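Working notes, structure below.
Just so you know, all these numbers are worked out from the coordinates, no wet-lab data involved. Not measured: the values here are computed from a predicted model. For neighbour counting, all protein chains shown are included, and Cβ atoms are generated from backbone atoms with ideal geometry for every residue, glycine included.
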């Protein structure tokens, strides 16, 4: 009979000890107070007023787009059962750590190895599980959703028609444009739109041809002063050298077919007109210039990871993508640090995330911010056989296995071309 490699004593550890790493989760009063921190539920009026800190910001935010913060797709929220119960902004003791036994640990490792070509499962099946450690990680994020506007000039040939200039109505300022029809859902990664600024059209002379519609031929009128040209400029025929006749060895002459006996050829560029149609204005002599507002909506993200020494070797990207448990989720025009009544560490961690918020460009305005703190369960497992050992991590609520470098049953040493298939 196969004997279990884990001692029975470990399976009988007191429940309080097994949850010691989560002792601050869900304590009474550990909520984010909604009365003292403004902006827990963002209203359209708040955003409109708050974003007008330097210049007038028009009502360009759709009220239906402003809603209660939602958890990220890879996170779950802890329902709060206290007097401040809300859909967000609180945490509770309903969270239970996922306990893994030996069978589950081995199954997860064997499944992970099964997706790696040329890796053997013998160590995963037979080596002794020497240690199972909790190395839980906290992930803090601050997302700043902003709108950036800049103005560019757009010029095109004028082919006639009515002008939308300042004579009809005053030109609107860049931040006076109503872009409600273009406004995206909050916290989209990026969206850009281009809108013509009303009453900004100006008609100007083409600078390349000075409004004439034509430019001197650069071939036959290359040395002429601007605005002057000569017609009927001819060049010597290269076939007959200007004679108009082609001499033969028997002493006879024939008329040059290239110049029809004239000895000269018209300019190949302009046909000796001396002028070419201006390509910039298409021969109209006028250019229509209008101002274009380029609006960009994007989300700037600040992310921080607080990991114990046991999980220090795991890249932060693993924790950012892992499925965790959300401890708080606040949304406001400008988020403030979260408050946990019984955890100085979480308060400090939240303050650090807020302090590192991304800088906002001078051409942008902040629309809204979202601040989250999540805990990602991480279990470090060490397996040993004689004097050999290796460690791997079980990360997140979805129990993804992360094995950094060493695994004792790798047969191709990274040289097998089939490993490239795994990267696809």
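If the chain between residue 348 and residue 192 were fully stretched, how many nm would it gain, using 0.36 nm times the residue separation less the Cα-Cα distance? If you can, show how the numbers build up before the last one.
Details: separation 156, 0.36 × 156 = 56.16 nm, distance 3.62 nm.
Gain in length upon complete extension: 52.5 nm.
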Checking the a/c ratio against 1.5 first, then a/b against b/c, what shape does the Cα gyration tensor give for the stretch 249-365?
prolate
Expressed in nm to one decimal, what extension gain is obtained for the pair residue 397 and residue 169 from 0.36 nm per residue of sequence separation less their Cα-Cα distance?
76.1 nm
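Pull out a ≥ b ≥ c, the square roots of the eigenvalues of the alpha-carbon gyration tensor of the stretch 121-262, then state rounded if a/c is under 1.5, prolate if not and a/b is larger than b/c, and oblate in the remaining case.
Oblate, since a/c reaches 1.5 and b/c is not below a/b.
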In nm, give the distance between the simple-model label positions of residue 389 and residue 162, each being 7 Å from the Cα along the Cα-to-Cβ direction.
8.3 nm
How big is the stretch 165-209 on each of its three principal axes, counting only the C-alpha atoms and giving the largest first in Å?
47, 27, 13
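Compute and list, largest first, the equivalent-ellipsoid semi-axes of the stretch 247-306 from the alpha carbon gyration tensor, each √(5λ) rounded to a whole angstrom. Write down the numbers at each step before the final one.
On the way: eigenvalues 863, 107, 5 Å².
They are 66, 23, 5 Å, listed largest first.
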Over all Cα pairs of the stretch 359-411, the Kirkwood radius sets Rh, and Rg/Rh then becomes 1.35
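Using Cβ counts within 10 Å as a stand-in for footprinting exposure, how do 385, 248, 371 rank, fewest first? Mind showing how you got there, number by number?
On the way: 385 14, 248 9, 371 27.
Arranged by neighbour count, lowest to highest, 385, 248, 371 become 248, 385, 371.
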Cα gyration tensor, the stretch 211-313 - rounded (a/c under 1.5), prolate or oblate
oblate
Extending each Cα 7 Å along its Cβ direction at residue 255 and residue 224, get the distance between those two points in nm, one decimal.
3.1 nm
Checking rank on 341-348, 215-222, with mean other Cβ inside 10 Å and highest first, the result is 215-222, 341-348
Virtual spin-label span in nm between residue 154 and residue 133, 7 Å along Cα→Cβ:
6.0 nm
Could you list 147, 171 so that the one with the fewest beta carbons within 10 Å of its beta carbon is first and the one with the most is last?
171, 147
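May I ask you to compute the full-extension gain from residue 182 to residue 210, defined as 0.36 nm times their residue separation minus their alpha-carbon distance, rounded to one decimal in nm? Walk me through the intermediate numbers first.
Details: separation 28, 0.36 × 28 = 10.08 nm, distance 3.91 nm.
Gain on stretching residue 182 to residue 210: 6.2 nm.
Output the peptides 276-284, 184-192 sorted from most to least packed, where packing is the average of other Cβ atoms within 10 Å over each peptide's residues.
Result, highest mean first: 276-284, 184-192.
Could you put 208, 250 in order, starting from the residue whose Cβ has the fewest other Cβ atoms within 10 Å? Present the calculation step by step, with values, prior to reporting the outcome.
Numbers: 208 14, 250 5.
Least crowded to most crowded, the residues run 250, 208.
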Any chance you could get the radius of gyration and Dmax over the Cα atoms of the stretch 91-196, in Å?
30.3, 86
Take every Cα-Cα distance within the stretch 297-415, group them into 10 Å bins from 0 onward, and report for each bin the whole-number percent of pairs it holds.
11, 33, 28, 16, 10, 3, 0
